[in-house]
1. Hey, what's the chain come to in accessible area per residue, 1.4 Å probe, Å²?
2. To the nearest 10 degrees, how steeply does helix 32-69 sit against the main Cα axis of the chain, on a 0 to 90 scale?
3. Given R₀ = 25 Å, what would the calculated FRET efficiency be for GLN39 paired with VAL6, taking r from the Cβ atoms and rounding to 0.05?
4. In whole percent, and with a 1.4 Å probe on the protein chains, what portion of the accessible area of the chain is carbon and sulfur?
5. May I ask for the Kirkwood hydrodynamic radius of the chain, worked out over all distinct Cα pairs and given in angstroms to one decimal?
6. Give me the angle, in degrees from 0 to 90, between the Cα long axis of helix 2-29 and the longest principal axis of the Cα atoms of the chain, rounded to the nearest 10.
Amino acid sequence: MLSFTVWSLIEAISIWLTSYVDIFIVSATLSKYYLGLYQKYLYLKFLLLMVFLLLLRLHILLLRIHSQLI
């Protein structure tokens, strides 16, 4: 059980690192202003992705309902 916990911890850290390593690299080269713009861009990209996935799920749900009605 301990080996599974350690493996899960390593996996979680590696996922976090790959998700946020760009912020550390970019923050070393950009000023605070441009880093804020970059972070806002990432947030906007995330929001657009969530809206797209929500619309996709809604579309799939409507297709299932339509196929049951036919």
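The values are calculated or read from the model by the stated rules, or taken from the named source; none is laboratory data. Everything numeric here is computed off the predicted structure, so don't read it as measured data. With ideal geometry, Cβ positions are generated from the backbone for all residues, glycine too; neighbour counts draw on all protein chains shown. To get the accessible areas, we keep the full protein, side chains included, count just its heavy atoms, and leave off ligands, DNA and RNA. Shrake-Rupley method; radii C 1.70, N 1.55, O 1.52, S 1.80 Å.
1. Values: 6730 Å² over 70 residues.
On a per-residue basis, the chain sits at 96 Å².
2. 20 degrees
3. Working: r = 32 Å, r/R0 = 1.27.
It comes to 0.20.
4. Details: 5110 of 6730 Å².
The nonpolar share, carbon plus sulfur, comes to 76 percent.
5. Details: mean 1/r = 0.0633 Å⁻¹.
With all distinct Cα pairs of the chain included, I get 15.8 Å.
6. Helix 2-29 sits at roughly 70 degrees to that axis.
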